[in-house]
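Chemist: Dropping the structure in here first, questions after.
Bear in mind that the values in this text are calculations on the coordinates, not laboratory data. Values in this document were obtained by computation on a predicted structure and should not be read as measured data. Glycine gets a Cβ as well: all are built from the backbone with ideal geometry, and neighbour counts include every protein chain shown.
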Amino acid sequence: MCALCGVLGGRGHWTESAAAPEAFASRAEAHTRARERQQRTRLVNRVLGHYGLRLGDWSAGSHVLRGRTGRTALVNNLSEMWAAADDLARRDCDPLDPDLLRHLAGR
Amino acid sequence: MILGAYSEQTPINIITGFLGSGKTTLLKGLLAAPDLSDTAVLINEFGAVGLDHELVQNVTESILLLDNGCLCCAIRGDLQGALRDLLSQRQAGEVPFFRRVVIETTGLADPAPIAYTLLAEPVLQHHFRLGGIITTVDAVNGANQLQRFPESVKQVAVADRLIVTKTDLAAPGQLANLHASLRRLNKSAPVLKIGDGDIQPPTLLTDDMYDTAGRSREIEHWLRAAPGDDALMHDHADQIHSFALTYDTALDWTAFGIWMTMLLHRHGDNVLRIKGLLNVAGVPTPVLINGVQHIVHPPSHLPAWPSENRQSRIIFIVRDMDEERIKTSLAAFNQIANPNAMPGQAA
């Protein structure tokens with residue numbers, strides 16, 4: 001909380017369009033946080049599948065990341081999620097990894 | 001106070017540059033401009049003499065001196081405290097009202113932790129935002145310092161403006177060599193020379209990607225860093241280089257966020273700076289992104305596209321990373337959201 005002005009919480013994560021509403025104000029299509037959250041979960045699971053991980057809803061503010069062995073971690077945003085993913089997958093998740101890119105391409 | 005738009009928060013400009021490169025001389029000149037009189041200054045003194053502070057103290061009354069040497073991660077608590085104090089004093093009317101803050105770092109400082117402090121600190125993030133990073137480079141010694149000191153390379157790589165100082169003392173060949181080195185390390189920052197009339201005090205501190213009036217001019221600087229002139233962009237042993245990716249297909253914001261957070265998690269130490277003008281699917285106006293190492297600031301926007309060109313353009317300044325692999329990776333991530341897009345449409 002901001003001790004000077006009493007605002008609770010911080011600005012949202014930069015990947016969430018609610019963190020910068022002015023940047024996305026011109027968006028024509030109806031947009032909701034819930035829809036954005038669903039889309040984020042769907043897409044990130046395409047990536048996480050390569051590592052045997054899956055992200056699911058936990059509450060409005062966080063997600064639960066599950067590994068193959070049942071280990072879980074609660075994460076609040078994508079930046080936190082990648083650190084947890086390394087831990088649960090026991091490997092470095094790297095977007096430049098050619099094997100990952102082949103997985104995303106369905107090859 | 002309601003959490004306001006990022007663009008409405010007080011900007012913090014960082015003036016950095018290697019030892020003896022003329023940071024304080026530049027600052028003194030800027031603060032003499034009437035338009036910049038409402039500027040608060042934080043000076044990070046280095047060494048026992050504190051000469052920099054003595055030079056500047058008569059220019060403005062709102063100077064706070066940080067005591068602990070270098071403004072790196074180890075002492076950013078001091079910066080946090082100094083900015084909180086400044087904020088309290090402004091709200092209480094104990095200091096003249098200021099519209100911007102300038103932090104002058106030491107000659108050995110890494111500017112990145114300052115950007116991190118502004119975004120991560122729970123009080124500061126409501127009141128301050130990053131403005132521009134201005135780096136001074138000595139025309140005579142700058143090229144040698146870039147070869148010898150990684151601190152100097154980092155300061156150049158993360159800059160929004162590069163100010164070449166002491167140009168009257170340099171031979172023409174020295175200036176040309178230095179200019180080439182600066183372009184290799186950072187192709188998006190304008191290179192301005194003190195003494196050539198290049199320095200326009202008000203816009204130097206006010207133009208940045210979040211300033212409503214100045215952001216269009218700022219984007220013009222980025223767009224001049226056109227792709228296609230990347231030959232010989234690799235520099236010496238540090239292998240820091242810059243390149244611009246263009247992307248024909250509209251980017252899915254969600255996929256882009258997944259990709260960028262993953263890239264910065266794995267390679268953030270080597271991604272020194274990212275600036276981008278993005279064509280985001282479903283958003284008619286361009287979205288601007290701004291990152292310093294692991295830290296990405298909230299996106300901004302332009303009210304309209306600056307030209308008919310609707311390509312996304314992203315400038316990377318990286319260490320030991322391959323441009324083609326980054327380009328291919330972004331294309332692959334974008335395709336999972338846009339299965340009909342052709343892979344590899346990054347030009």
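Chemist: For A:Cys93, list long-range residues whose amide hydrogen, built 1.01 Å from N in the peptide plane, is under 5 Å from its own amide hydrogen.
Modeler: Counting only residues 5 or more places away or on other chains, the set is A:Asp86.
Chemist: Rounded, prolate or oblate: which one fits the range A:31-93, using the alpha carbon gyration tensor with axes a ≥ b ≥ c (rounded when a/c is under 1.5, else prolate when a/b beats b/c, else oblate)?
Modeler: Details: a/c = 2.02, a/b = 1.69, b/c = 1.19.
Judged from the Cα gyration tensor, the range A:31-93 comes out prolate (a/c at least 1.5, a/b above b/c).
Chemist: In the range A:34-76, which trypsin sites (Lys or Arg not before Pro) fall in coil by DSSP and have 16 or fewer other Cβ atoms within 10 Å?
Modeler: Working: sites: A:Arg35, A:Arg37, A:Arg40, A:Arg42, A:Arg46, A:Arg54, A:Arg66, A:Arg68, A:Arg71; in loops: A:Arg68, A:Arg71.
The qualifying sites are A:Arg68, A:Arg71.
Chemist: Just rank A:Arg91, B:Arg273, fewest to most, by other beta-carbon atoms within 10 angstrom.
Modeler: A:Arg91, B:Arg273
Chemist: Could you give the angle, 0 to 90 degrees to the nearest 10, between helix A:33-48's Cα long axis and the longest principal axis of the Cα atoms of chain A?
Modeler: 20 degrees
Chemist: I need B:Tyr210, B:Tyr116 ordered by Cβ neighbour count within 10 Å, fewest first. Mind dumping the intermediate values first?
Modeler: Values: B:Tyr210 23, B:Tyr116 17.
Lowest to highest Cβ neighbour count: B:Tyr116, B:Tyr210.
Chemist: Determine ³J(HN,Hα), in whole Hz, for all residues of the range B:128-139 in sequence, where each value follows from phi through the Karplus function 6.51 cos²θ - 1.76 cosθ + 1.60 and θ = phi - 60°; x replaces Gly and Pro.
Modeler: 10, 9, 6, x, x, 9, 10, 10, 8, 9, 6, 4
Chemist: Greater than 20 Å separation of Cα atoms is the criterion. Which listed pairs, B:Lys23/B:Lys166; B:Lys166/B:Lys193; B:Lys154/B:Lys327; B:Lys28/B:Lys275; B:Lys187/B:Lys275; B:Lys28/B:Lys166, meet it?
Modeler: Values: B:Lys23/B:Lys166 11 Å; B:Lys166/B:Lys193 9 Å; B:Lys154/B:Lys327 23 Å; B:Lys28/B:Lys275 29 Å; B:Lys187/B:Lys275 11 Å; B:Lys28/B:Lys166 15 Å.
Where the Cα-Cα span goes over 20 Å, the pairs concerned are B:Lys154/B:Lys327; B:Lys28/B:Lys275.
Chemist: Explain nothing, just compute: Karplus ³J(HN,Hα) = 6.51 cos²θ - 1.76 cosθ + 1.60, θ = phi - 60°, for every residue of the range B:102-111 in order, whole Hz, x for Gly and Pro.
Modeler: Values, residue by residue: 10, 10, 9, 7, 6, x, 10, 6, 9, x Hz.
Chemist: For a footprinting-style exposure proxy, rank B:Phe256, B:Phe128 by other Cβ within 10 Å, fewest first.
Modeler: Working: B:Phe256 25, B:Phe128 21.
By the 10 Å Cβ count, ascending: B:Phe128, B:Phe256.
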